[in-house]
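Visitor: A single structure is presented below for examination.
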Amino acid sequence: RSAGIIGAPFSKGQSRGGVECGPDRIRAAGLLDRLQQLGCAVKDYGNLTFDDIAVDEPVKGSKSVRAVGSANQRLSEAVQAVKKDGHTAVMLGGDHSLAIGSIHGHTAAVGPLSVVWVDAHADVNTPLTSYTGNLHGQPMSYLLYELQSKVPVLPNFSWMKPCLSSQDLVYIGLRDVDPAEHYILKLLGVKVFCMSQVDQLGVARVMEETCDYLWNRAKKPIHLSYDIDAIDPFITPATGTPVVGGLTYREGLYITEHLCQTGLLSAVDLVEVNPLRGRTEDHVHSTVSTAVDLLLGCFGRLREGNHLPNYSLP
Ligand code: DIR
Ligand code: MN
Ligand code: MN
Ligand code: MN
């Protein structure tokens, strides 16, 4: 198992500065060393750089469309390169608009995917339904085949085409869904485990049902897109749009452990860590260290403990 890490310090999919500091803060918390201690080979591809777009007027009410389009084109190419090198891709955001390039690039490299989207939000607004005009609330609408006719052609998006079927998507952790998003999820029959279902079923059953559902057609590589705001803001407050009533630390971690043991996890996004949104350094630390723990869970860290295969007692 090996990890190829891409930093994507991009924040223009939403309006709060600071989320571009996510990748460096997560690295500074020791992600690479701790992955290596697990026996995981790590290659850090560094941080992407993004073009400054001088004139980027709103399009149909949506902000920074050109910047988001061109940043995601770059990210898609970077993810393709990491997959061609044979690694599990780890994309450190940045805001969740980056899932466009991450999922697009992952699909381009390995073919059809199963996507597990862990988030307080569904991020499936179209530019025409969005109240906020923020692209981080819209990425799934660009990715789904079934919504293609509902999404206008946008500047700097001509490089991408939808690449995901709504039957290959499962949401976990939803608790702040706009009316149009709720309509879309029902219309397409998307599999959703919102927070009430996590309460009702427990996270173990949610993960069993998630995999049964995704594997009903065929076992495909899994793309995990993890928005840190899925976790309760009591634990991960340093994020742009915190919503009360989220996943516990243990539930959040269990999702990663379960997906890791499928052997199918092929790429992970960890997005929306915003160090500037923590009121105290403790808040930032708790958010960043939870992000690191979630990523370690994706690469085989177990709460029972781990040891390397070649370990011998001194
Ligand atoms: C809201 C909030 N549904 C929007 N979305 C967020 O802007 O479309 N996504 N915060 O992460
Ligand atoms: Mn999100
Ligand atoms: Mn969210
Ligand atoms: Mn958000």
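Laboratory data are not the source of any read-out in this text; all were calculated from the coordinates shown. Computed from a predicted model, the values in this text were never measured in an experiment. We place every Cβ from the backbone using ideal geometry, glycine too, and count neighbours over all the protein chains shown.
Visitor: What's the number of the condition residue 17 fails, among (1) assigned to a loop (DSSP other than H, G, I, E, B); (2) over 19 Å from the mean Cα position of the chain (by Cα)?
Guide: (2)
Visitor: Taking residue 278, is it on the phi > 0 side of the Ramachandran plot, surrounded by fewer than 22 Cβ atoms within 10 Å (Cβ to Cβ) and either among the aliphatic types (A, V, I, L, M) or within 16 Å of ligand 4 (Cβ to nearest atom) (or both)?
Guide: Here the answer is no, as residue 278 does not meet what is asked.
Visitor: When you scan the stretch 207-226, how many residues do you find that are closer than 22 Å to residue 291 by Cβ and either part of a helix (DSSP H, G or I) or within 16 Å of ligand 2 (Cβ to nearest atom) (or both)?
Guide: The number of residues fulfilling the criteria is 6.
Visitor: Can you pull out every residue in the stretch 227-244 that is assigned to a strand (DSSP E or B) and more than 10 Å from ligand 3 (Cβ to nearest atom)?
Guide: 231, the sole residue that qualifies.
Visitor: Find the residue count for the stretch 259-273, including only residues that are farther than 23 Å from residue 80 by Cβ and within 16 Å of ligand 2 (Cβ to nearest atom).
Guide: 2
Visitor: Looking at (1) within 16 Å of ligand 2 (Cβ to nearest atom); (2) free of Cβ contacts under 8 Å to residues at least 40 places away in the same chain, find the lone condition where residue 98 falls short.
Guide: Against the list (1) within 16 Å of ligand 2 (Cβ to nearest atom); (2) free of Cβ contacts under 8 Å to residues at least 40 places away in the same chain, residue 98 comes up short only on (2).
Visitor: Of these, 179, 127, 152, 139, which one is surrounded by fewer than 18 Cβ atoms within 10 Å (Cβ to Cβ), of a type outside the set (D, E, K, R) and within 11 Å of ligand 1 (Cβ to nearest atom)?
Guide: Being surrounded by fewer than 18 Cβ atoms within 10 Å (Cβ to Cβ), of a type outside the set (D, E, K, R) and within 11 Å of ligand 1 (Cβ to nearest atom) holds for just one of 179, 127, 152, 139, which is 179.
Visitor: Identify all residues within the stretch 269-296 that are away from ligand 3 (no atom under 16 Å from the Cβ) and either farther than 23 Å from residue 21 by Cβ or not in a helix (DSSP H, G or I) (or both); write none if there are none.
Guide: 278, 279, 280
Visitor: Here's a follow-up. What are the pairs with Cβ atoms under 9 angstrom where one residue, in the stretch 175-202, is over 18 Å from residue 139 (Cα atoms) and away from ligand 2 (no atom under 16 Å from the Cβ) and the other, located anywhere, is among the small types (Gly, Ala, Ser) and part of a loop (DSSP other than H, G, I, E, B)? Sequence gap at least six, or different chains.
Guide: 198/173
Visitor: Determine whether the stretch 85-94 contains at least one residue that is away from ligand 4 (no atom under 16 Å from the Cβ) and either among the hydrophobic types (A, V, I, L, M, F, W, C) or in contact with a His (Cβ under 6 Å, 6 or more places away or on another chain) (or both).
Guide: Within the stretch 85-94, one or more residues are away from ligand 4 (no atom under 16 Å from the Cβ) and either among the hydrophobic types (A, V, I, L, M, F, W, C) or in contact with a His (Cβ under 6 Å, 6 or more places away or on another chain) (or both).
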